[in-house]
Amino acid sequence: MTPLELHNGTLREPIPKHLLGSAILDRTGEFEAGSYQSFTLTYTAGRFGIDDSGSIRVVFRFATDQTNPQFDDPTAPGFTEVVASNNAALHARFDPKGNIRPWDRTLQIKVVKGFMKEGDTITVRFGVTDHGGAGMRLQTFCENRYEFRVLVDPIATYNFQTLPEQPAISIVPGAPKTWVAVVPSTITRGEPFLLRIKAEDTWGNPTNKASTKLAVKSNCPIDNLPDFIEVDVGDYATVISGLIVRKSGTLEIMLHAPDGSVVAKCNPANVSDAPDLRSYWGDLHGQSDETLGTNSANDYFAFGRDRAFLDACAHQGNDFQMTDTFWKDLNQITSHFNEDGRYVTLPGYEWSGNTALGGDRNVYFPVEGRTMRRSSHALIEDQSDLENDCHTVGELFEAFAGNNEWDVICFAHCGGRYADITKAHDGRFEKSVEVHSAWGTFEWIVQDAFKNGYRVGIIGNSDGHKGRPGASYPGAGWFGAVGGLTCFLMPELTRSSLIDCINTRHHYATTGGPSGRMRLEVSMSFDEPATHYLDDPLVTKNYATKPCSEALMGDIVLLPTGAAHLKVRVDAATPVRSIDIFNGADHLECYHPYTESDLGDRITVLWEGAEYRGRFRAVSWDGSAHFDKATIVSVDPVNFFNRDKKLDTVSSSDLKWQSVTTGNFAGFIAKLKGSKSGSITLKTPLINESVELSDIGYEGKILDASDILPRRIQLFRLPDENPHTSVSIKRKLEPQMGRDNPFYVRITLEDGTQAWSSPIYILREIEN
């Protein structure tokens with residue numbers, strides 16, 4: 001028995017596979033992601049038939065967001081019918097957790113009256129349209145081999161065995177909906193760089209179905225930049241090489257459709273002479289189908305490089321599902337894809353202990369071939385390396401230390417289970433916390449770190465399961481967040497530079513998405529003598545120091561006297577709404593690039609929050625807004641990435657929406673006529689309240705329904721036009737005595753994209 005078969009729900013294999021029967025689909029081949037389809041699956045019973053109370057299961061993978069089978073409403077999507085050829089009575093039910101992961105989404109069909117003999121059939125019709133239903137909507141992301149996996153319990157022992165051959169289809173991208181243009185965030189003047197372009201379908205899948213001619217325009221001369229780019233069917237990405245800029249400054253490139261409309265604006269890039277540090281983009285957290293994700297690990301890394309245009313990538317499979325065989329294969333894959341100057345990979349895994357034992361930690365190694373120390377062998381049959389298990393995260397850290405693995409890097413994160421860093425943290429290994437992923441936004445884990453005196457950096461990753469590292473959209477799942485990114489500030493793109501960058505916290509996190517590659521510079525300068533700790537003196541005895549007059553995000557600095565002068569610059573593809581400045585848990589300032597006198601007729605309404613820190617943290621904000629007296633001119637949604645969660649204009653006075661948050665936020669910007677007349681009435685499951693429009697201004701108004709974690713609605717006014725895509729500020733800050741001073745900033749763009757800098761830690765006293 002292989003480990004993979006164990007995952008299918010098989011505990012033993014008493015019946016030879018060729019006697020279990022067979023299953024076929026009436027339709028095979030390629031089908032568009034997110035499209036509505038109908039399929040008929042026919043199971044033919046094997047030698048033993050199916051006894052009274054025996055069953056079959058048709059199971060699907062964890063990550064799928066397809067329409068669930070339902071049996072109650074023939075006119076609704078997903079209506080499913082089951083019938084036995086011999087008229088045996090069948091009972092069908094769907095359970096999203098009815099089988100062993102990753103094949104946990106389970107349609108179970110039980111023979112409740114009668115029995116079945118060899119050759120009898122059970123026919124399952126998925127997405128029945130006979131009664132007016134739309135069909136079964138396929139998952140919204142691509143998969144090379146999408147199985148309708150059939151398990152059989154013919155003897156009625158509840159021991160389900162897997163058929164030897166499984167019916168499957170291929171899910172492919174749809175027509176182009178949006179365009180993405182990416183250039184390096186840092187460009188050396190006079191040196192060649194790449195412009196990379198792709199089309200995405202409505203669900204965010206890179207698509208090979210685009211055929212068009214795009215005009216290319218830039219804000220400065222670029223050598224070798226063509227006037228037009230031909231995109232042909234079959235191409236997932238178009239790469240223009242050999243581009244050279246001769247002038248320093250901020251580079252912008254725009255793509256225009258044949259009708260002249262702008263279809264894409266590239267991320268801002270800084271052009272300068274031989275910069276000391278360059279900006280490289282990475283997603284270091286996601287899974288493939290060898291564990292809980294989609295498509296193979298090889299496909300995973302290829303997607304990150306060739307379709308998400310990442311500079312750095314890593315794979316994080318759940319340890320209790322990672323067999324020794326796959327661990328060896330994964331190490332070979334990371335080694336194969338790692339290429340200095342082009343694409344850097346790190347070998348690693350996710351230590352997936354229960355929250356009470358420490359919770360989720362990402363583990364990374366600088367080289368291949370290292371020992372995996374699992375939290376358990378929960379889904380692994382081979383117990384030969386059980387002695388390597390570390391059941392608590394404290395045991396994990398001590399195992400690294402005891403084996404002199406001082407080069408191991410760990411991140412704390414929140415996925416399903418969350419990392420409880422208040423109970424377990426080791427700064428020798430745990431260098432950062434993950435503030436954002438496709439699972440939501442988790443500013444509370446950053447604050448937990450500061451409250452406990454930890455010196456950590458801040459990262460963002462996707463934690464994606466859809467096979468799209470670096471471009472992980474929510475599709476039609478329950479969550480509404482897009483996967484995050486981390487910008488690593490390094491002198492060169494090599495594995496050793498990436499390791500050094502993480503160890504020194506020289507990086508910042510963003511929430512990803514269309515505007516996710518914003519440029520962020522955060523530094524400090526000092527009037528009085530200061531000392532830069534090259535290592536954290538809290539965790540390293542033999543630390544080195546050097547005098548300094550300035551510091552970069554992530555640095556630890558002793559400044560006995562004098563002020564610290566903070567300098568922040570952000571360059572974004574869309575307007576900047578705010579820059580928040582923090583000293584640890586203390587919020588020092590919220591800066592807007594516009595003044596109160598600039599405010600106009602645009603009203604922003606944002607809802608945010610999470611129920612608590614665990615798996616079921618989602619807050620439903622399904623609701624409506626009614627404007628009394630004022631009328632709606634236009635509405636722009638904010639962070640509506642989930643296509644099933646829609647914002648609709650019902651009338652000139654009314655909006656309605658479906659929305660969920662998991663620590664992140666969503667909402668809308670409404671341009672109003674008569675924006676200071678009357679009121680807005682909001683109705684949601686948590687908050688029902690009216691606010692006078694004249695009371696909504698520069699500072700904003702907060703409707704609070706917080707419990708364990710913040711849950712609230714914010715309302716504030718914006719200028720009619722906000723041209724501030726590049727913003728610079730300077731502030732004089734006074735560090736406090738007797739504590740760490742982790743100064744960092746949070747950037748928020750109008751479209752809902754956010755970024756967090758890793759803190760600059762300012763100390764007033766020499767540490768013993």
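Every test in (1) without any contact (Cβ under 8 Å) to a residue 12 or more places away in the chain; (2) under 17 Å from Asn318 (Cβ atoms) is passed by Asn362 save one, and that test is (1). Answer yes if at least one residue in segment 81-91 is hydrophobic (A, V, I, L, M, F, W, C), modelled with pLDDT of 95 or more and in contact with a Cys (Cβ under 9 Å, 6 or more places away or on another chain), and no otherwise. Scanning segment 81-91 turns up no residue that is hydrophobic (A, V, I, L, M, F, W, C), modelled with pLDDT of 95 or more and in contact with a Cys (Cβ under 9 Å, 6 or more places away or on another chain).
Within segment 220-242, the residues that satisfy the criterion of being farther than 30 Å from Phe640 by Cβ and either in contact with a Phe, Trp or Tyr (Cβ under 7 Å, 6 or more places away or on another chain) or not in a loop (DSSP other than H, G, I, E, B) (or both) are Ile222, Asp223, Phe228, Glu230, Val239, Ile240, Ser241, Gly242.
Among the residues of segment 47-70, at least one is free of Cβ contacts under 8 Å to residues at least 40 places away in the same chain and under 34 Å from the mean Cα position of the chain (by Cα). Looking only at residues in segment 77-108 that are of a type in the set (Lys, Arg) and free of Cβ contacts under 8 Å to residues at least 24 places away in the same chain, the one that is nearest to Ala476 (Cα to Cα) is Lys97. Highlighted here are the strands (runs of 3 or more DSSP E) found entirely within segment 54-97 that include at least 1 residues which are within 23 Å of Asn295 (Cβ to Cβ): 55-60. Once segment 334-374 is narrowed to residues that are under 17 Å from Ala412 (Cβ atoms) and surrounded by fewer than 17 Cβ atoms within 10 Å (Cβ to Cβ), the residue that is farthest from the chain's Cα centre (by Cα) is Ala356. On the stretch given as segment 645-702, residues that are within 30 Å of Gly415 (Cβ to Cβ) and not charged (D, E, K, R) total 18.
Criterion first (touching a Phe, Trp or Tyr at 6+ places or on another chain (Cβ under 6 Å), buried (at least 20 other Cβ atoms within 10 Å of the Cβ) and modelled with pLDDT of 95 or more) does Ile680 satisfy it? The answer is yes for Ile680. In a residue-by-residue description of segment 474-490, the property of being in contact with a strand residue (DSSP E or B) (Cβ under 9 Å, 6 or more places away or on another chain), more than 30 Å from Ala618 (Cα to Cα) and either without any contact (Cβ under 8 Å) to a residue 24 or more places away in the chain or in a loop (DSSP other than H, G, I, E, B) (or both) applies to no position. Any chance segment 619-626 includes a residue that's more than 21 Å from the chain's Cα centre (by Cα) and over 19 Å from Arg712 (Cα atoms)? No. Only residues that are assigned to a loop (DSSP other than H, G, I, E, B) and under 27 Å from the mean Cα position of the chain (by Cα) were counted across segment 139-176, and they come to 9. The numbered conditions (1) touching an Asp or Glu at 6+ places or on another chain (Cβ under 8 Å); (2) closer than 24 Å to Ala401 by Cβ; (3) free of Cβ contacts under 8 Å to residues at least 60 places away in the same chain are all true for Ile556 except (3). Selection of segment 66-76 for residues being surrounded by fewer than 21 Cβ atoms within 10 Å (Cβ to Cβ) and closer than 20 Å to Ile169 by Cα yields only Asn68.
Listed by position, the strands (runs of 3 or more DSSP E) contained in segment 177-219 that have at least 2 residues being under 24 Å from the mean Cα position of the chain (by Cα) and surrounded by 16 or more Cβ atoms within 10 Å (Cβ to Cβ) are 178-182, 193-200.
The values are calculated or read from the model by the stated rules, or taken from the named source; none is laboratory data. No experiment lies behind these values; they were computed from the predicted model shown. Cβ coordinates were reconstructed from backbone atoms using ideal geometry, including for glycine residues, and neighbour counts include every protein chain displayed.
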